[in-house]
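A short write-up of the structure that comes next.
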Amino acid sequence: MAKAKKSKMAGVIRYPEEVLRPVRDYLVSKLSGLQKRKKELVKEDPFSDTSRLNDNAAIDTDAAERVGHMQVSAIKQVADRSIIQIRKALSMIKVGKYGVCENCGKMIDTDRLMVMPETTLCVECERKREK
């Protein structure tokens with residue numbers, strides 16, 4: 001007789017649809033805003049201006065452009081990470097696993113979900129990941 005595998009989802013309570021709908025709407029709205037902001041950042045990046053390739057700007061102007069590019073790149077990187085987290089949370093809602101830690105399978109504290117609805121890790125697993 002084969003042993004039954006213990007599921008990470010054993011003993012997990014699923015959130016009802018009426019609770020998840022506003023969370024999903026919020027995450028979709030936040031995702032849309034981040035994607036829009038990323039498009040705006042492309043315009044703000046000094047390196048996206050192709051005319052800069054032909055100019056012989058002073059060294060300090062060139063340095064300022066590099067700093068501007070680095071700032072825009074850093075902001076885009078943060079936005080990309082947020083977009084990934086939001087998409088993961090939306091997929092967890094879709095498959096019925098929202099509020100369940102993707103690492104240990106325990107329920108994520110509702111206070112944490114209220115503050116960070118895009119989180120997919122419980123506090124303990126997040127702390128371990130940060131170390």
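Tell me the net charge near Gln85. Cut-off is 14 Å between Cβ atoms, Gln85 excluded, with +1 for each Lys or Arg and -1 for each Asp or Glu.
Values: positive: Lys30, Arg81, Arg87, Lys88, Arg112, Arg129; negative: Asp80, Glu102, Glu118, Glu126.
Value of the local net charge: +2.
Within the set Lys43/Lys128; Lys76/Lys106; Lys76/Lys97; Lys39/Lys88; Lys30/Lys131, which residue pairs have Cα atoms separated by over 30 Å? All intermediate terms of the calculation are to be shown ahead of the outcome.
Numbers: Lys43/Lys128 38 Å; Lys76/Lys106 32 Å; Lys76/Lys97 28 Å; Lys39/Lys88 21 Å; Lys30/Lys131 28 Å.
The pairs that break the limit, which is 30 Å between Cα atoms, are Lys43/Lys128; Lys76/Lys106.
Fewest first, what order do Met114, Met92 take by the number of other Cβ atoms within 10 Å? Display every interim value, and only then the final one.
Values: Met114 9, Met92 19.
Placing the least packed residue first, the sequence is Met114, Met92.
Sorted from fewest to most neighbouring beta carbons within 10 Å, what does the list Ile13, Ile93, Ile75 look like? Mind showing how you got there, number by number?
Details: Ile13 8, Ile93 19, Ile75 15.
In order of increasing Cβ crowding within 10 Å: Ile13, Ile75, Ile93.
Could you work out the local net charge near Lys38, counting Lys and Arg as +1, Asp and Glu as -1, over the other residues with Cβ closer than 14 Å to its Cβ?
Numbers: positive: Lys30, Lys36, Arg37, Lys39, Lys43, Lys76, Arg81, Arg87; negative: Glu40, Glu44, Asp45, Asp80.
In short, +4.
How high is the FRET efficiency from Val115 to Ser48, r the C-beta distance, R0 35 Å, rounded to 0.05? Present the calculation step by step, with values, prior to reporting the outcome.
Numbers: r = 35 Å, r/R0 = 0.99.
E between Val115 and Ser48, to the nearest 0.05, is 0.50.
Apply 1/(1 + (r/R0)^6) to the Cβ-Cβ distance of Leu41 and Glu130, taking R0 = 35 Å, and write down the FRET efficiency to the nearest 0.05. Display every interim value, and only then the final one.
Values: r = 26 Å, r/R0 = 0.75.
So the FRET efficiency works out to roughly 0.85.
Read-outs throughout are calculated quantities, based only on the coordinates presented, and are distinct from any laboratory measurement. All values derive from a computational prediction rather than experimental measurement. Reconstructed Cβ throughout: ideal geometry from the backbone, glycine too, with neighbour counts over all protein chains shown.
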